[in-house]
Every structure is written in structure tokens, then in C-alpha cells.
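A.B. asks: Sharing a structure here in C-alpha cells format.
Rule-based calculations on the coordinates, nothing more; no lab input. A quick note: this is a predicted structure, and the numbers were derived from the prediction, not measured. When we count neighbours, we look across all protein chains shown, and the Cβ atoms used for this are built from the backbone with ideal geometry, even at glycine.
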Amino acid sequence: MLLRGTLVALSLSLVFAAGGCGSAVEETSAEQTPMADSGTGDLVSCADGRAREEGVLRIATDGSAQPPWFVGDDPANGRGFESGVAHAVADQLGYAAVAVTWLTVPPEKAHEPGAKEFDFHLAQFADADDRAKDVDVSEPYYTLPQAVVALEESAAAGVREIDDLEGLTLGAERGSASLASVRRDVEPDVKPVALRSSEAAEQSLLDGDVDALVADFAAAVRMADGIPGAKVVGQFTADGGPQFALLLEKGSAMTDCVNRALAALRKDGTLAALEQEWLVEGAGVPVLRD
């Protein structure tokens with residue numbers, strides 16, 4: 001199987017998959033040194049003095065550190081999509097890697113109202129989550145595409161184009177954006193199967209009732225991890241997909257800085273390059289051609 005990982009804080013409507021960790025907060029960091037000016041101008045002055053600890057940027061995640069979001073069970077190494085995003089934001093704000101401290105904070109604690117021990121948290125959080133009333137959420141850094149899960153030995157595992165999906169019996173969760181996308185973007189010859197839950201979807205694939213499942217990319221990773229002999233065989237862009245955002249303390253002085261950093265990373269192509277590196281090539285999940 002090409003992908004293994006437990007997502008955090010994502011439901012199959014999809015946007016938080018719960019991932020636990022031990023203690024409420026654990027720190028891992030390199031030697032802390034003063035904030036370095038990386039030449040980002042206004043962003044450096046924007047962040048200066050707004051972090052919780054002078055000269056240090058405190059970034060939190062849930063502790064699972066699983067591919068393709070983190071690689072090597074170490075969020076501080078810059079490998080994996082979310083590790084890469086976090087370090088790119090830090091660099092935009094003027095923090096060298098040695099000035100970043102990583103914390104382990106469970107999702108439920110991160111969403112509680114009140115003061116935070118981190119400057120921002122990322123762990124596949126969706127900006128539309130109801131609990132956002134208690135925290136600030138940034139502009140999105142990733143819009144999830146739809147993805148196709150199939151058994152490795154099946155004909156569906158060989159899809160390379162969206163047109164290849166047309167003759168398949170596809171399943172997706174009832175009422176989901178994925179089911180709507182199948183109907184709108186794929187327009188299959190066979191009526192898609194609306195499944196009542198993720199568990200029903202997985203069983204339907206194993207029983208051969210459907211040739212493949214369609215879910216947003218994050219949920220597809222989780223599905224493939226839980227179905228023996230399954231893998232994510234392709235992904236395609238679709239309107240209305242869930243969006244991942246950074247989480248900050250409500251009213252944080254860092255929120256505007258982070259949003260400006262993300263805007264710069266989007267404009268210069270960094271976010272797109274990280275997505276290609278870790279969620280396409282690194283994950284072994286090709287983009288299906290139109």
C-alpha cells in the first residue's frame with residue numbers, strides 16, 4: 001500500500017480525523033536562538049514581538065506525525081506536506097528553523113477557548129469546523145481534491161484519466177461533497193452508490209459491490225490505510241473541497257501575520273510546490289488527467 005497514516009481531526013464529511021497523543025503538551029525543539037531575518041521585510045516586522053516567546057515561534061501539531069503530512073515521525077524535520085508548510089510560514093515570518101519549537105497538543109485541547117501555549121497549530125484542521133468560534137483560523141493553505149480508492153489487484157487500480165472512471169461503479173458517502181463531485185465531474189455511466197457511512201463504504205469495496213470509492217484526499221488516505229489490499233490510485237481537482245487552515249488563539253496578534261505569510265507562499269508557488277512534492281509525488285498518487 002502506498003499510503004499509511006492516521007489523520008487527525010477529520011470526519012468523512014471530512015474534515016477532522018481525530019488523532020490522539022499522550023500528554024496534553026509535549027515539546028521538541030532544536031536549540032533556541034534569536035529570530036533570524038530571512039529578508040521577508042514587512043512580514044518580519046509584523047511577527048516581531050507578537051509571538052508568545054520572544055525570538056521563538058511555537059508550532060503545535062497533534063503528535064501523530066504520519067505521512068504524507070509528516071515524515072519520519074518528526075514534525076521538526078521539514079519533511080512531509082504540513083511540516084513543509086509550517087517551516088515555510090516560519091521562514092516568511094523571519095524565524096530560522098533553529099528558532100522554531102514544536103509542541104504536541106491534542107486537537108480537543110487546541111480547540112478549547114482561552115489562552116494557547118502555541119503560536120499556531122496545524123493538523124489537517126478544516127477552517128469550516130464549528131469549534132472555530134473559540135479560536136482563530138487562518139486563510140486556507142490546502143484545498144483537498146477528490147481521490148479514488150481501489151483494491152490493488154482490481155481493474156480500477158489502473159485508472160489514469162477521469163474518463164477511466166466513467167465505466168466503473170463508484171461509491172461515495174451519502175450526502176457528501178464527494179458524491180456530488182462524482183455526479184458532476186465524473187458523470188459515470190453507472191449510477192454511483194450512495195453509502196451510509198465510511199464503514200459501509202469500506203465493506204462495499206471489499207465485497208465487490210463497488211469498483212472504487214471516492215472521498216476527499218485526506219479521507220481517502222485514511223480509508224486506504226484501513227482496507228486490506230487497498231490504495232489511493234488517483235486524485236482530481238473538484239470545486240467545494242474541504243480546506244485546511246492553521247489554528248491560532250482567538251484574537252491572536254499573529255493571525256494577520258500568518259495570513260499574509262500564506263498569501264505570499266501561495267503567490268510565489270511554494271504551497272503548490274509542497275503539494276506536488278508530498279501529496280502527489282511523495283504519496284504516489286497521480287493527478288488524473290481530464
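A.B. asks: Kindly indicate whether any position in segment 130-151 is over 30 Å from R52 (Cβ atoms) and of a type in the set (S, T, Y).
C.D. replies: The answer is no; no qualifying residue exists.
A.B. asks: Considering segment 78-113 alone, what residues qualify as being closer than 18 Å to A245 by Cβ and touching a Leu at 6+ places or on another chain (Cβ under 8 Å)?
C.D. replies: F81, E82, G84, V85, A86, A88, V89, A90, Q92, L93, A110, H111
A.B. asks: So, one more: Pick from segment 67-115 the residues that are surrounded by fewer than 22 Cβ atoms within 10 Å (Cβ to Cβ), of a type in the set (A, V, I, L, M) and over 21 Å from A218 (Cβ atoms): which of them is nearest to the chain's Cα centre (by Cα)?
C.D. replies: Ranking the candidates gives A76 first.
A.B. asks: Considering only segment 143-165, how many residues are over 18 Å from G284 (Cβ atoms) and part of a strand (DSSP E or B)?
C.D. replies: Of the residues in segment 143-165, the ones over 18 Å from G284 (Cβ atoms) are 143, 155, 162-163, 165.
In the following step, the residues that additionally are part of a strand (DSSP E or B) were identified as 143.
So the count comes out to 1.
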